[in-house]
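Engineer: Mind having a look at this structure? Questions to follow.
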Amino acid sequence: MPSDRILDEALDAAGRAWLADAEARCAADPDAVARLFPAARRACGRGTLPTGRPVAEAARIRLLLALPLRGEELGRAAFDLYRHGDTAERLAVLRGLDPLDHHRALGEAGLPIVRDALRTNDTRLIEAAAGPYAAARLDDDAYRQAVLKCVFVGVPVTSVAGLADRADGELARMAADHARERRAAGRDVPPDVERILRLAGEREF
């Protein structure tokens, strides 16, 4: 997540004033975020940060962090924003999960959001769902399934957080089975399968 300074420098005076007021309103009344979250793009503009992420996305994450909620209560509030949001708003929630975990004790309360995103076929949501929060919080089986979902839909596994640490023999077996199925069907094997096997220490498939 970008620093507050980077975001503030990307906003004009009106945008900075709106965001400061919106954060204060969210801190005073958590219900206010439902109205302010969608308004962030209009208020903060359609620009991008040096990281390439939208300014509005970073502003929305700031609103999430302003909420005076923790744990399950915070997870429910974030899921409501995700469920009712458009794609840009859903991406902001997904990318906000790791900061919320670190700064607002989200714990495992954000996992329903990750699971929902991984059930979609929207590669943008899937890539965002396979971020640092998922790497830290998904159990082994769910993490393996997330990696394979990325392979299936064409999300590069280089964007999957934690893969170098969490690739294991079982993930290698699942990836190898996928490769054999594709070969049997006369289809090409995605290069990412070989990368998974290499990270897991397996060479033959």
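Engineer: Among all residue pairs at least 6 apart or on different chains, which show Cβ distances below 6 Å where the first residue, located in segment 130-154, is β-branched (V, I, T) and the second is crowded, with 19+ Cβ neighbours inside 10 Å and part of a loop (DSSP other than H, G, I, E, B)?
Structural biologist: Taking only residues 6 or more apart or on different chains, the pairs are V147/V160; V151/P190.
Engineer: Here is a further query. With the condition kept exactly as written, say whether any residue in segment 172-186 is outside any loop (DSSP other than H, G, I, E, B) and within 27 Å of G96 (Cα to Cα).
Structural biologist: The answer is no, given that none of the residues of segment 172-186 is outside any loop (DSSP other than H, G, I, E, B) and within 27 Å of G96 (Cα to Cα).
Engineer: Just give me the residues in segment 44-60 being outside any helix (DSSP H, G or I) and surrounded by 14 or more Cβ atoms within 10 Å (Cβ to Cβ), in sequence order.
Structural biologist: G45, T48, L49, R53, P54
Engineer: I've got another one for you. Suppose the filter is without any contact (Cβ under 8 Å) to a residue 60 or more places away in the chain, open to solvent by 10 Å² or more (accessible area, probe 1.4 Å) and of a type outside the set (V, I, T); does F79 pass it?
Structural biologist: yes
Engineer: Filter segment 152-203 down to residues that are within 26 Å of A136 (Cβ to Cβ), of a type outside the set (A, V, I, L, M, F, W, C) and in contact with a Leu (Cβ under 8 Å, 6 or more places away or on another chain), then give me how many there are.
Structural biologist: 1
Engineer: Now for a different question. Could you say which residue among R95, R41 is in a helix (DSSP H, G or I), in contact with a helix residue (DSSP H, G or I) (Cβ under 6 Å, 6 or more places away or on another chain), buried (at least 18 other Cβ atoms within 10 Å of the Cβ) and touching a residue at least 60 places away in the same chain (Cβ under 8 Å)?
Structural biologist: Within the list R95, R41, the selection yields R95.
Engineer: So, one more: What's the total number of residues in segment 131-146 that are open to solvent by 80 Å² or more (accessible area, probe 1.4 Å), touching a Leu at 6+ places or on another chain (Cβ under 8 Å) and charged (D, E, K, R)?
Structural biologist: Result for segment 131-146: 1.
Engineer: Something else: For the structure I just gave you, tell me whether P2 is in the same structural domain as D101 (by TED's automatic domain parsing), at pLDDT below 95 and more than 16 Å from V93 (Cβ to Cβ).
Structural biologist: yes
The values are calculated or read from the model by the stated rules, or taken from the named source; none is laboratory data. Just so it is clear, the structure is predicted and the values come from calculations on it, not from any experiment. Because the Cβ atoms are built from the backbone with ideal geometry, glycine has one as well, and the counts that use them run over all protein chains shown. For accessibility, only protein heavy atoms count, side chains too; no ligands or nucleic acids. Shrake-Rupley method; radii C 1.70, N 1.55, O 1.52, S 1.80 Å.
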